[in-house]
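A.B. asks: The structure's right below; bear with me while I get my questions together.
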Amino acid sequence: MSPRENTLSETTALENVSRRNFLQSMFSVGAFVLCIGQSPVLARAAGNASLTSSLTPGSDLSVDAATFHPGVYLGIVPDGTVLIVAHRTEMGNGVRTSLPRILADELDADWSRVKVIQGDGDEKYGSQDTDGSHSVREFFDAMREAGATARLMLIRAAAQQWGVPEEQCVADPPHTVTHKASSRKLGYGELAAGAAKLPVPKKEELKLKAPQEWRYIGKPAPGYDVSEVCAGKPLYGMDVRVDGMLYAAIAHPPVLGGKVRSVDDSATLKVIGVKKTVPIAPFTAPHAFQPLGGVAVIADNTFAAFKGRDRLKVDWDHGANASYNSTGYKKELQQTARKPGKVVHTIGDPDAEFGKGGKVIEAEYFAPHLAHASMEPPVAVADVRDDKITVWAPTQNPVGVREEVAKALGRKKEDVTCHVTFLGGGFGRKSKPDYAVEAALLSKNTGKPVKVIWSREDDIKFDYFHSVAAMYIKAAIDEKGMPKAWLQRSVFPPISSTFDKTAVYGSAGEMSLGWDAIPFAVPNFRSENGAAVNHVRIGWLRSVANIYHAFAVQSFANELAYAANRDPYDYLLALIGSGQIVNGPKPAPPDMAQKYPYDTARLRHVAELAATMANWGKKNPGNGWGIGIAAHRSFLSYVATVVEVEVDQGGTVRIPSVYTAVDAGIVANPEMVRQQFEGAAAFGTSIARTGEITATGGVIDQSNFHDYPVARMNDAPVHVDVQIVQSSAAPAGVGEPGVPPFVPALCNAIYAATGKRVRELPLSRNGFA
């Protein structure tokens, strides 16, 4: 199929109006007005102008152009304004606040005089892939050192100007260097030019603050952009507009690996506003971050692009995955889970212990595919020119955008600029840049900037889905009801299938997410992994394999407690023991082992704290009420959650209270940590209640929130209490660790309330609403 054009679109055009602009403009002097003009709120990019300054309206400053910029993250201008680059992606995770405040603390900057600038995709910043809950963990030291470096240079500049020893000068009050003996003061802006002339000190010369000296680290603070977000000012990916921009909607192959046999676009080309149709080549396996292929409809407005796509008549060759059906695939996974698999890790001799006979308890668990379904579906704008390529995208992985766009277009990565907008949610989906590559390919084809917009239906049907998993666990029990031997087997199509078409086993990384080892004092243990072939794109979603692994392990621990006729909380503590260092199948690198040992004493502590918060064992409101607990380590953080439920006779589940205790080491901003764990409770509620993606004939059955619902206000927990353990341990993850223990805690609470065990997610599969 060759690109075809619509001659009608040249005579009549529809101007795009954003929903935000519509709402802001529809009431004027008391009268209803429909405005079809350009919104003043939405930033436009002309030529090669960057939109990054529009992330925070009024900020058009650059660190590199600052009078004093001793590193890539920081600059100071003569009026004293401190510029700090946020090189990670903001999507409600608070990273545009937490990382700059770490730097500002060591700089002794006045936070009210700090401007945060969003960094473009650039390797000079280090890793910019904002997933895996490692932004603060990975850059805590780097931000501190950047701030301390600038502080020392400012102190030296002041000392040099006054002709005094630098030891007599301090950065106090904030944003000022003071000579203690004479009380003379100079502001950072006054010192910027002098500091810029000095050599950058070596790391060994820096004096980092002691924790008791911190101004911002560990102190609660609202998000840097919270006022602007509430006023609708920041730029999201959907807001981007570039002069001369066209719009594209893509008909993707309904089945992974499908191809276009033929297409009739005659009806499409009759839609007013449609310019042309463009074929997109199918991917070459493995699919990785390549576009899925299909047919793109190019138009001068979104409405025409989607309407034109609806009128396409495409004959698809669905390919090998057309045989994929969720019901049959589930049975395959479960059958595999019942057979010996690839050994991941062994402690002691579980086979010998099982061979002795005695009481053995077995259980099977199942969790379905999940979709990311973030508030803002994938969207990107690309402008491909002879000398450069510019992309604007809500991406968690801007360097990945540059790499994949360059690869698809046969260009150098250095030719590609990626401007990062705010994200309307991400959950891991937007670290896969396939949608940005689509925009680049279509811009190259049309010779104009192109905005690719995915609908909600596109987002759900063509996601990189969180993996489906079947798990089998059995334990040999002693006379006290404690496990002498423990075997667990997990089977799921792995994330590595995205990058290796032959991959059928989970990677070491996936196995480490709650499966290769358990935090229980069991003398004989083995974890295994079974093979599974993927039939859809598999990707990482918030907390990844921890979701189904924690569901299985913590649910089974609860089952063992009831089999032993013991209180589930007391039994959980007995399983964890007094504390030990857990080792996986491979020793961790020495620096990681020393910095982040898997210490079950910390897990026990958060379990005790969560139970205390919930007044465990001290209340029992009556029939239909239940309480459950689970504790899990993920992303190097220790989290325990207690959930209370009320279940009526019709099976409707109400969640009046959730109590979560978290030990994430040093916490940069407690307020944002609490928000992450409150959000995790809502996110976990969606997973547990109704989260399920299925396929028939290779085609995803779900399409929007009517058949892939997320938790509404009446579904979500009424009260969420989060307590953060005060710790001097190294910073760990906070964006994802709240999700894994929530789901089993909820299911354990439902069992306590009803006597009905949930071994298969979602709850809607078990008669609960």
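A.B. asks: Considering only residues that are closer than 20 Å to Pro519 by Cβ and more than 21 Å from the chain's Cα centre (by Cα), which ones fall in region 632-660?
C.D. replies: Correct list: Val642, Val643, Tyr659.
A.B. asks: Oh, and also: Do you know which of the residues in region 305-319 that are under 31 Å from the mean Cα position of the chain (by Cα) and among the hydrophobic types (A, V, I, L, M, F, W, C) is least open to solvent (accessible area, probe 1.4 Å)?
C.D. replies: Ala305
A.B. asks: Return the total of residues in region 723-769 being under 20 Å from the mean Cα position of the chain (by Cα) and either among the β-branched types (Val, Ile, Thr) or in a strand (DSSP E or B) (or both). Steps first, please.
C.D. replies: To start, the set of residues in region 723-769 that are under 20 Å from the mean Cα position of the chain (by Cα) comprises 731-743.
From what's left, either among the β-branched types (Val, Ile, Thr) or in a strand (DSSP E or B) (or both): 734, 739, 743.
Number of matching residues: 3.
A.B. asks: Within region 252-275, identify whether any single residue is more than 30 Å from Gly530 (Cβ to Cβ), without any contact (Cβ under 8 Å) to a residue 40 or more places away in the chain, touching a Gly at 6+ places or on another chain (Cβ under 7 Å) and open to solvent by 50 Å² or more (accessible area, probe 1.4 Å), and answer yes or no.
C.D. replies: Checking region 252-275: not a single residue is more than 30 Å from Gly530 (Cβ to Cβ), without any contact (Cβ under 8 Å) to a residue 40 or more places away in the chain, touching a Gly at 6+ places or on another chain (Cβ under 7 Å) and open to solvent by 50 Å² or more (accessible area, probe 1.4 Å).
A.B. asks: Considering only residues that are in contact with an Asp or Glu (Cβ under 9 Å, 6 or more places away or on another chain) and not hydrophobic (A, V, I, L, M, F, W, C), which ones fall in region 203-212?
C.D. replies: Lys203, Lys209
A.B. asks: If you go through region 225-245 one residue at a time, do you hit one that is more than 31 Å from the chain's Cα centre (by Cα), more than 19 Å from Leu83 (Cβ to Cβ), open to solvent by less than 30 Å² (accessible area, probe 1.4 Å) and at pLDDT 95 or above?
C.D. replies: No, there is no match, as no residue in region 225-245 is more than 31 Å from the chain's Cα centre (by Cα), more than 19 Å from Leu83 (Cβ to Cβ), open to solvent by less than 30 Å² (accessible area, probe 1.4 Å) and at pLDDT 95 or above.
A.B. asks: Give the number of residues within region 138-177 that are in a strand (DSSP E or B) and either buried (at least 17 other Cβ atoms within 10 Å of the Cβ) or free of Cβ contacts under 8 Å to residues at least 12 places away in the same chain (or both).
C.D. replies: First, the residues of region 138-177 that are in a strand (DSSP E or B): 169-170, 176-177.
Right, trim to either buried (at least 17 other Cβ atoms within 10 Å of the Cβ) or free of Cβ contacts under 8 Å to residues at least 12 places away in the same chain (or both) and you get 169, 176-177.
Residues that pass the stated criteria total 3.
A.B. asks: Do we find a residue being in contact with a Cys (Cβ under 8 Å, 6 or more places away or on another chain) and open to solvent by less than 10 Å² (accessible area, probe 1.4 Å) anywhere in region 468-490? First the steps, then the outcome.
C.D. replies: Filtering region 468-490 down to residues in contact with a Cys (Cβ under 8 Å, 6 or more places away or on another chain) leaves none.
No, because not a single residue in region 468-490 is in contact with a Cys (Cβ under 8 Å, 6 or more places away or on another chain) and open to solvent by less than 10 Å² (accessible area, probe 1.4 Å).
A.B. asks: Just name the residue that is surrounded by the most Cβ atoms within 10 Å (Cβ to Cβ) out of those in region 178-205 that are under 16 Å from Leu74 (Cα atoms) and not small (Gly, Ala, Ser).
C.D. replies: Tyr188
A.B. asks: Out of (1) touching a Phe, Trp or Tyr at 6+ places or on another chain (Cβ under 9 Å); (2) under 30 Å from Asp129 (Cα atoms); (3) aliphatic (A, V, I, L, M), what's the single condition that is false for Val504?
C.D. replies: (1)
A.B. asks: Just checking, how many residues over region 734-760 are surrounded by fewer than 24 Cβ atoms within 10 Å (Cβ to Cβ) and either touching a His at 6+ places or on another chain (Cβ under 9 Å) or of a type in the set (Gly, Ala, Ser) (or both)?
C.D. replies: Adding up the residues that qualify gives 3.
A.B. asks: Report yes if some residue within region 707-718 is within 30 Å of Pro211 (Cβ to Cβ), part of a loop (DSSP other than H, G, I, E, B), out of contact with any Ser or Thr (no Cβ under 8 Å at 6 or more places or on another chain) and free of Cβ contacts under 8 Å to residues at least 40 places away in the same chain; otherwise report no.
C.D. replies: No, every residue in region 707-718 fails to be within 30 Å of Pro211 (Cβ to Cβ), part of a loop (DSSP other than H, G, I, E, B), out of contact with any Ser or Thr (no Cβ under 8 Å at 6 or more places or on another chain) and free of Cβ contacts under 8 Å to residues at least 40 places away in the same chain.
A.B. asks: Oh, and also: Filter region 648-684 down to residues that are in contact with an Asp or Glu (Cβ under 6 Å, 6 or more places away or on another chain) and either buried (at least 22 other Cβ atoms within 10 Å of the Cβ) or more than 11 Å from Val720 (Cβ to Cβ) (or both), then give me how many there are.
C.D. replies: 2
A.B. asks: Strands (runs of 3 or more DSSP E) wholly in region 334-448 with at least 3 residues that are closer than 30 Å to Tyr125 by Cα and under 22 Å from the mean Cα position of the chain (by Cα) - which ones?
C.D. replies: Working: elements: 342-347, 359-367, 379-384, 389-393, 416-420.
Output list reads 379-384, 389-393, 416-420.
A.B. asks: Which one of these does Val263 not meet: (1) under 30 Å from the mean Cα position of the chain (by Cα); (2) closer than 20 Å to Ser455 by Cβ?
C.D. replies: Evaluating Val263 over (1) under 30 Å from the mean Cα position of the chain (by Cα); (2) closer than 20 Å to Ser455 by Cβ leaves (1) as the failure.
A.B. asks: So, one more: Hey, any hits in region 676-693 for a residue that's under 18 Å from Ser374 (Cβ atoms) and assigned to a strand (DSSP E or B)?
C.D. replies: So far as region 676-693 goes, yes, one or more of its residues are under 18 Å from Ser374 (Cβ atoms) and assigned to a strand (DSSP E or B).
A.B. asks: Could I ask something else about it? In region 87-133, which residues are in a loop (DSSP other than H, G, I, E, B), of a type in the set (Gly, Ala, Ser) and within 26 Å of Glu678 (Cα to Cα)?
C.D. replies: Residues satisfying the conditions are Gly92, Gly94, Gly132, Ser133.
A.B. asks: Within region 672-725, which residues are of a type in the set (S, T, N, Q) and within 25 Å of Gly94 (Cβ to Cβ)?
C.D. replies: Gln675, Gln676, Thr685, Ser686, Gln723
A.B. asks: Cβ-Cβ below 7 Å, separation at least six or inter-chain, first residue in region 531-548 and at negative phi and open to solvent by less than 20 Å² (accessible area, probe 1.4 Å), second of a type in the set (Val, Ile, Thr) and assigned to a loop (DSSP other than H, G, I, E, B): which pairs?
C.D. replies: Hits for this filter: Ala532/Val504.
A.B. asks: Could I ask something else about it? Does any residue in region 595-611 that is closer than 14 Å to Leu572 by Cβ come within less than 6 Å, Cβ to Cβ, of a residue that is in a helix (DSSP H, G or I) and aromatic (Phe, Trp, Tyr) six or more places away or on a different chain, and which pairs are these?
C.D. replies: Ala611/Tyr569
The values are calculated or read from the model by the stated rules, or taken from the named source; none is laboratory data. Since the model is a prediction, treat every value here as computed from it, not as a measurement. Cβ coordinates were reconstructed from backbone atoms using ideal geometry, including for glycine residues, and neighbour counts include every protein chain displayed. The accessibility values were calculated without ligands, DNA or RNA, using every heavy atom of the protein model including side chains. Shrake-Rupley method; radii C 1.70, N 1.55, O 1.52, S 1.80 Å.
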